[in-house]
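Student: Sharing a structure, written as structure tokens. Questions coming.
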Amino acid sequence: MSDAPRPAEPPRIDRLAPVVGSVLDLIGRTPMVELKKFDTGRCRLFLKLESQNPGGSIKDRIAVSMIADAERTGRLKPGGTIVEATAGNTGLGLAQVGIPKGYRIVLVVPDKMSREKVQHLRALGAEVHLTRSDVGKGHPEYYSDMAARIARETPGAFHVDQFANPANPLAHEETTGPELWQQLGGDIDAVVVGVGSGGTLTGLGRFFARLSPKTEMVLADPAGSVLAPFVKTGRLEEAGSWTVEGIGEDFVPPNADLSLVRKAYSITDKQSMLAVRDLLAREGILAGSSSGTLLSAALRYCREQTEPKRVVTFVCDSGNKYLSKVFDDVWLAEQGLAEREQHGDLTDIVA
Ligand code: PMP
């Protein structure tokens, strides 16, 4: 027997994540960071890091709930095909959840979306149809119309339709909302969200309307999108174009209950890009472009408050997917987004 001394007990590690049986068990329960390096006026501003989901975005949550719902209701059968129109992240979630279950995944993605997302989708085994970004609803090459057509023409296809699928907002009402509530001790004055499909807005809006009517839903919308102007004026204007990915729309999706929005901000691409670069430079958080829009609006909201408030917003996905875009100086200059004429988080208020 060796008389070498027994090793001392290893140090205890706090907040250690559990060991799980599948990476899908790691969806949700995302961490939260309080921002300390920005001027947040009288507010405390928290960021929930949805980029930490296994598929890399907030959309993993809805992939789980929409696939489970389709299986339960018999719309998706073993060996079936899942078809969806997506800016990329919903597709990543669907592929992450659906491919290990043996489903074929067919996605229609507008061609303005980053190459990294498309490469990631193909690496997961999804079939990606790239389509035009410059056409609107009603055009045969518009991404959601094209997905609907592919679904009609494919036997055994389940068209997910995140824009109208009730299991999308339900995922946020049942998981994201309770997590925010628990992490912030049940005291939240405002939640700043973007709208792509509207699932986050509507799910969280319903959750807080029930539990905490004081909590304001704040919309962060890319300039050019019709949503923030609609909240302000009640009129649907002609959509412009924007480069931020995943949020902003040229129509009001059925899943977006805009009556839940108390305040809306239109944020320019330049403001979004500068905000997300500031987030990396100051806080070391590598976030995607839509998170820049959310952060910019959240900072604006915070600085308008005259009372201390607790505000939360999201890092919807990681900046890894945009290294060749927002984090590339040449790309930024080519887009005319490079000069810092004003600080990234000073924005024009819309409503
Ligand atoms: N951010 C990113 C990066 C996204 O891809 C999306 C969804 N397309 C959103 C935000 C918006 O979320 P929702 O669809 O729930 O409105």
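No value in this document is a laboratory result; all are computed from the given coordinates. Computed from a prediction, not measured in an experiment: that's the story for all the values here. Every residue, glycine among them, receives a Cβ derived from its backbone with ideal geometry; neighbour counts consider all protein chains shown.
Student: Could you give me the ³J(HN,Hα) list for region 112-121, computed from phi with Karplus coefficients 6.51, -1.76, 1.60 and θ = phi - 60°, whole Hz, x at Gly and Pro?
Tutor: Those phi angles translate into 7, 6, 5, 4, 4, 5, 5, 5, 5, 4 Hz.
Student: Mean separation of Cα pairs under 8 Å and 6+ residues apart, divided by the residue count of region 197-310: what relative contact order is that in percent?
Tutor: That works out to 28 percent.
Student: What ³J(HN,Hα) values, in whole Hz, does the Karplus curve 6.51 cos²θ - 1.76 cosθ + 1.60 give for region 193-201 when θ = phi - 60°, with x put for Gly and Pro?
Tutor: Here the 3J(HN,Hα) series is 10, x, 10, x, 8, x, x, 5, 4 Hz.
Student: Let a ≥ b ≥ c be the square roots of the eigenvalues of the Cα gyration tensor of region 8-81; is it rounded (a/c under 1.5), or, if not, prolate (a/b larger than b/c) or oblate?
Tutor: It is oblate, given that a/c is not under 1.5 and a/b is not larger than b/c.
Student: Let me ask another. Note down the relative contact order for region 23-76 as a percent, whole number, built from C-alpha pairs under 8 angstrom at least six residues apart.
Tutor: Relative contact order here is 32 percent.
Student: Divide, for region 198-330, the radius of gyration over alpha carbons by 2.2 N^0.38 Å, where N is the residue count.
Tutor: 1.05
Student: Would you mind estimating how fast the chain diffuses translationally, via Stokes-Einstein at 10 °C and 1.306 mPa s with the Kirkwood radius over Cα pairs, in µm²/s?
Tutor: 76
Student: Could you pull out every residue, at least 5 positions away or on a different chain, whose amide H is within less than 5 Å of the one on Glu216? Hs are placed 1.01 Å off N in the peptide plane, and Pro or chain starts have none.
Tutor: Residues meeting the amide H criterion: Ala190, Val191.
Student: Test of understanding: what is the full-extension gain from Glu153 to Ala4, defined as 0.36 nm times their sequence separation minus their Cα-Cα distance?
Tutor: 46.5 nm
Student: For the ranges 318-329, 33-44, 240-251, what's the packing order if you count other beta-carbon atoms within 10 Å of each residue, average per peptide, and put the highest first?
Tutor: Sorting 318-329, 33-44, 240-251 by mean packing, highest first, produces 240-251, 318-329, 33-44.
Student: If amide H atoms are built 1.01 Å from N in the plane of the peptide, which residues on other chains or at least 5 residues away come under 5 Å of the amide H of Val108?
Tutor: When sequence neighbours closer than 5 places are left aside, the close amide H contacts are Glu84, Ala85, Thr86, His129.
Student: Now for a separate question. Measuring from label point to label point, each 7 Å out along Cα→Cβ, what is the Asn320 to Arg75 span in nm?
Tutor: Going by the 7 Å Cα→Cβ label model, 3.1 nm.
Student: For the pairs Lys59/Lys321; Lys263/Lys309; Lys37/Lys309; Lys137/Lys325; Lys37/Lys214; Lys37/Lys325, note any where the Cα-Cα span goes beyond 19 Å.
Tutor: Lys137/Lys325; Lys37/Lys214; Lys37/Lys325, as the Cα separations exceed 19 Å there.
Student: Taking amide hydrogens as modeled 1.01 Å from N in the peptide plane, which residues meet the under 5 Å criterion relative to Glu245, leaving out close sequence neighbours?
Tutor: Amide H to amide H, under 5 Å and 5 or more residues apart or across chains, Glu245 pairs with Ser289, Ser290.
Student: For the chain, what is the relative contact order in percent, using Cα pairs closer than 8 Å and at least 6 residues apart in sequence?
Tutor: 19
Student: Multiply the residue gap between Ala209 and Lys232 by 0.36 nm, knock off their C-alpha separation, and tell me the result in nm, one decimal place.
Tutor: This chain segment gains 6.2 nm when fully extended.
Student: While we're here: Projecting each Cα onto the charge dipole of the chain (Lys/Arg +1, Asp/Glu -1 at the beta carbon, about the Cα centre), which of Gly288, Thr86, Leu201 comes out farthest on the positive side?
Tutor: My answer, from the dipole projection, is Leu201.
Student: Calculate the translational D of region 148-217 in whole µm² s⁻¹ from Stokes-Einstein, where the hydrodynamic radius comes from the Kirkwood formula applied to all Cα pairs, the temperature is 20 °C and the viscosity 1.002 mPa s.
Tutor: Rounded to a whole number, D works out at 161 µm²/s.
Student: Take peptides 201-211, 271-281, 129-139, 176-186 and line them up by average Cβ neighbours within 10 Å, highest first, as a rough protection proxy.
Tutor: Highest mean packing first, the order is 271-281, 201-211, 176-186, 129-139.
Student: If you don't mind, there's one more thing I want to ask. Treat each spin label as a single point 7 Å out from the Cα along the C-beta direction, and report the Ala281 to Leu26 distance in nm.
Tutor: Inter-label distance under the simple model: 3.1 nm.
Student: First select every other residue whose beta carbon is under 10 angstrom from the beta carbon of Ala239; then total the charges, Lys and Arg +1, Asp and Glu -1.
Tutor: Combined, the nearby Lys, Arg, Asp and Glu give -3.
Student: Estimate the FRET efficiency between Ile13 and Ile99 by the formula 1/(1 + (r/R0)^6), using the beta-carbon distance for r and 30 Å for R0, to the nearest 0.05.
Tutor: 0.35
Student: Please list 3J(HN,Hα) in residue order for region 17-24, calculated via the Karplus relation 6.51 cos²θ - 1.76 cosθ + 1.60 where θ = phi - 60°; whole Hz, with x for glycine and proline.
Tutor: Residue by residue, region 17-24 yields 6, x, 7, 10, x, 7, 4, 5 Hz.
Student: Continuing with this model, one more query. Around Val64, what is the net charge, scoring Lys/Arg as +1 and Asp/Glu as -1 over all other residues with Cβ under 12 Å from its Cβ?
Tutor: Result for the neighbourhood of Val64: -2.
Student: Now, a different point. What's the FRET efficiency of Glu304 with His129 using the Cβ-Cβ distance as r and R₀ = 41 Å, to the nearest 0.05?
Tutor: 0.40
Student: How charged is the neighbourhood of Phe230? Take every other residue with its Cβ under 10 Å from the Cβ of Phe230, and add Lys/Arg as +1 and Asp/Glu as -1.
Tutor: -1
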